[in-house]
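In what follows, a single structure is set out as structure tokens and then discussed.
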Amino acid sequence: MNKTAEIRALRESEVALLAALAGEIWRAHYPGIISAAQIEYMLDERYDEALICNELKRRDLWWDVLLLNGQMSGYTSYFLADAPDTIKIDKLYLHPRAQRLGYGGQLMDHIASRMAAQGCKRLTLAVNRQNKTAIAAYRRHGFVITNTSLKKIGGGFWMDDYIMTKTVLV
Ligand SMILES: CC(C)(COP(=O)(O)OP(=O)(O)OC[C@H]1O[C@@H](n2cnc3c(N)ncnc32)[C@H](O)[C@@H]1OP(=O)(O)O)[C@@H](O)C(=O)NCCC(=O)NCCS
């Protein structure tokens with residue numbers, strides 16, 4: 001069955017639902033990539049509802065959701081990076097039932113249209129070096145690995161990432 005897909009800005013009233021969706025996606029996707037303890041630590045840090053509500057007030061950061069037949073099925077957040085002309089994709093997540101169907105590409109295209117409005121030319125992101133399917137998806141959508149990053153994130157945990165970038169014609 002064809003699904004009706006809609007991408008639009010996250011609403012403050014939906015933040016709790018988004019945090020629950022994030023928990024479902026992360027607990028399904030990240031075992032085998034990072035430990036269960038790190039998954040819970042990062043979910044607590046990154047999907048705190050007050051934090052997201054504050055981010056929704058920013059003019060240099062955006063949260064968008066993907067609705068499939070009206071059901072929240074994915075989300076992305078991205079912001080103007082310090083590097084000139086660059087937007088950083090901070091989060092890009094789809095529910096397992098919505099993966100590998102082209103919706104990730106649709107969200108990236110949506111971000112690219114925001115880039116055009118901001119006069120940006122470059123997208124960048126960090127992806128765990130063990131997150132093979134996401135790395136494959138980013139490559140498929142024109143990103144290349146440009147660097148590595150090993151960062152302490154507190155709680156005794158580390159992020160061991162590739163930095164991937166894509167130049168977009170605007
Ligand atoms: C990464 C993600 C956003 C990509 O979106 P997507 O809609 O699944 O990807 P698309 O359909 O646009 O692109 C498909 C390509 O992605 C790759 N891919 C996506 N899921 C895959 C999977 N389960 N197994 C293998 N390759 C996969 C393949 O290269 C695929 O191309 P192919 O089908 O021609 O082989 C999505 O898979 C996701 O949410 N993954 C889990 C969470 C995650 O890791 N997010 C990124 C954090 S940095």
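Read-outs throughout are calculated quantities, based only on the coordinates presented, and are distinct from any laboratory measurement. The structure presented is a predicted model; accordingly, all values stated were derived computationally and were not measured. Every residue, glycine as well, gets a Cβ built from its backbone with ideal geometry; the counts of neighbours run over all protein chains shown.
Within segment 14-33, residues that are within 21 Å of ILE135 (Cα to Cα) have Cβ atoms under 6 Å from residues that are part of a helix (DSSP H, G or I) and within 10 Å of the ligand (Cβ to nearest atom) in these pairs: ALA28/PRO96, counting only partners at least 6 apart in sequence or on another chain. Being surrounded by 14 or more Cβ atoms within 10 Å (Cβ to Cβ), under 15 Å from the mean Cα position of the chain (by Cα) and within 24 Å of GLU45 (Cβ to Cβ) is a description that does not apply to THR165. Restricting ARG114, ARG97 to residues that are of a type in the set (D, E, K, R), more than 13 Å from the chain's Cα centre (by Cα), part of a helix (DSSP H, G or I) and under 16 Å from ILE7 (Cα atoms) narrows the list to ARG114. Against the condition farther than 24 Å from GLY105 by Cα, under 17 Å from the mean Cα position of the chain (by Cα) and part of a helix (DSSP H, G or I), how does LEU51 come out, does it pass? So LEU51 passes the test. With respect to being farther than 25 Å from TYR30 by Cα, more than 11 Å from the ligand (Cβ to nearest atom) and out of contact with any helix residue (DSSP H, G or I) (no Cβ under 6 Å at 6 or more places or on another chain), GLN71 falls outside the description. Could you list all residues from segment 109-147 that are within 20 Å of ARG8 (Cα to Cα) and in contact (Cβ under 8 Å) with a residue 60 or more places away in the chain? The answer is HIS110, and nothing else.
Applying the set (1) buried (at least 19 other Cβ atoms within 10 Å of the Cβ); (2) more than 26 Å from LYS121 (Cα to Cα) to TYR41 leaves exactly one unmet item: (1). Beta carbons closer than 8 Å, at least 6 apart along the sequence or on distinct chains, pair a first residue in segment 90-108 that is in contact (Cβ under 8 Å) with a residue 24 or more places away in the chain with a second that is of a type in the set (Phe, Trp, Tyr) and in a helix (DSSP H, G or I) for TYR93/TRP26; LEU94/TYR103. In segment 80-94, how many are over 14 Å from LYS166 (Cα atoms), part of a strand (DSSP E or B) and more than 15 Å from the ligand (Cβ to nearest atom)? Matching residues across segment 80-94 total 1. Taking (1) near the ligand (Cβ under 10 Å from one of its atoms); (2) out of contact with any Lys or Arg (no Cβ under 7 Å at 6 or more places or on another chain) in turn, ILE111 satisfies each apart from (1).
Listed here are the residues, each with its yes/no results for (1) surrounded by fewer than 17 Cβ atoms within 10 Å (Cβ to Cβ); (2) touching a strand residue (DSSP E or B) at 6+ places or on another chain (Cβ under 7 Å); (3) under 14 Å from LEU10 (Cβ atoms).
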| site | (1), (2), (3) |
| --- | --- |
| GLU49 | yes, no, yes |
| ARG58 | yes, no, yes |
| TRP63 | no, yes, yes |
| ASN69 | yes, no, no |
| GLY74 | no, yes, yes |
| LEU80 | no, yes, no |
| LYS88 | no, yes, no |
| LEU101 | yes, no, no |
